[in-house]
Amino acid sequence: MRSKEETQLASLIDTRDKFVKLRTALKNKIHNILNANGIVTRKEIFTSEKNLEKALDSGLEEASLFELRIIITELRNLNKAIEEIGKELTGRGKKLKGHKNVDKRFGILRVE
C-alpha cells in the first residue's frame, strides 16, 4: 500500500503527464494554423521561444493571429508549470524512502 507521500507524488506525476499532453496538442494546433495559412513548419520547432516569436511575426490575418497569441500564451504557461512540477518531483522523490530519484523528463519514479 502506498504512503500518503507516494500517493501525492503519483498525483503530481499524473498532473505533469496531462500538462505534457496538453502542451503537445497546443503545439499541433499552432502547426495546423500556420499550415492552413500556407506556412509550412515542423511541429518540433515550437519548443523554442525564438520560434514561437517567429510564429507570431509570420504575417497572419488578425483572426488567426489572435488565436495563435492565445495558444502561445497558454503554451508558455504550460512550459513554466511543467518545469516547476519537474523540480517539485525531484525534491519530493529524493525524500521518499526507497526512491533514488525522479526522472524529471518523464515524471517516472525509479524504485531501487
Go through region 1-58 residue by residue and tally those that are in contact with a helix residue (DSSP H, G or I) (Cβ under 8 Å, 6 or more places away or on another chain) and in contact (Cβ under 8 Å) with a residue 60 or more places away in the chain.
9
Number of the condition not met by MET1 [criteria: (1) touching a Ser or Thr at 6+ places or on another chain (Cβ under 7 Å); (2) of a type in the set (A, V, I, L, M, F, W, C); (3) in a loop (DSSP other than H, G, I, E, B)]
(1)
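Being farther than 23 Å from LYS94 by Cα and basic (Lys, Arg), is that true of even one residue in region 1-8? Walk me through it before giving the result.
Start the filter on region 1-8 by keeping residues that are farther than 23 Å from LYS94 by Cα, which leaves none.
Checked against the condition, which is being farther than 23 Å from LYS94 by Cα and basic (Lys, Arg), region 1-8 yields no hits at all.
State yes or no: is PHE66 under 10 Å from the mean Cα position of the chain (by Cα), of a type in the set (Phe, Trp, Tyr) and modelled with pLDDT of 95 or more? Give the derivation first.
Working: under 10 Å from the mean Cα position of the chain (by Cα): no; of a type in the set (Phe, Trp, Tyr): yes; modelled with pLDDT of 95 or more: yes.
Against the criterion (under 10 Å from the mean Cα position of the chain (by Cα), of a type in the set (Phe, Trp, Tyr) and modelled with pLDDT of 95 or more), PHE66 does not qualify.
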Mind listing just one residue for me: the one in region 2-19 that is under 11 Å from the mean Cα position of the chain (by Cα) and crowded, with 17+ Cβ neighbours inside 10 Å and, of those, farthest from SER64 (Cα to Cα)?
ARG16
When (1) touching a Leu at 6+ places or on another chain (Cβ under 7 Å); (2) modelled with pLDDT under 90 are applied to ARG105, the one that fails is (1)
Among (1) more than 30 Å from MET1 (Cα to Cα); (2) among the hydrophobic types (A, V, I, L, M, F, W, C); (3) modelled with pLDDT under 90, where does ILE71 come up short?
(3)
Looking only at residues that are part of a helix (DSSP H, G or I) and among the acidic types (Asp, Glu) in region 21-64, which one is surrounded by the fewest Cβ atoms within 10 Å (Cβ to Cβ)?
GLU62
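The values are calculated or read from the model by the stated rules, or taken from the named source; none is laboratory data. Note that the structure is predicted; figures quoted are calculated from it, not measured. Don't worry about glycine lacking a Cβ; one is built from the backbone with ideal geometry, like all the others, and counts go over all protein chains shown.
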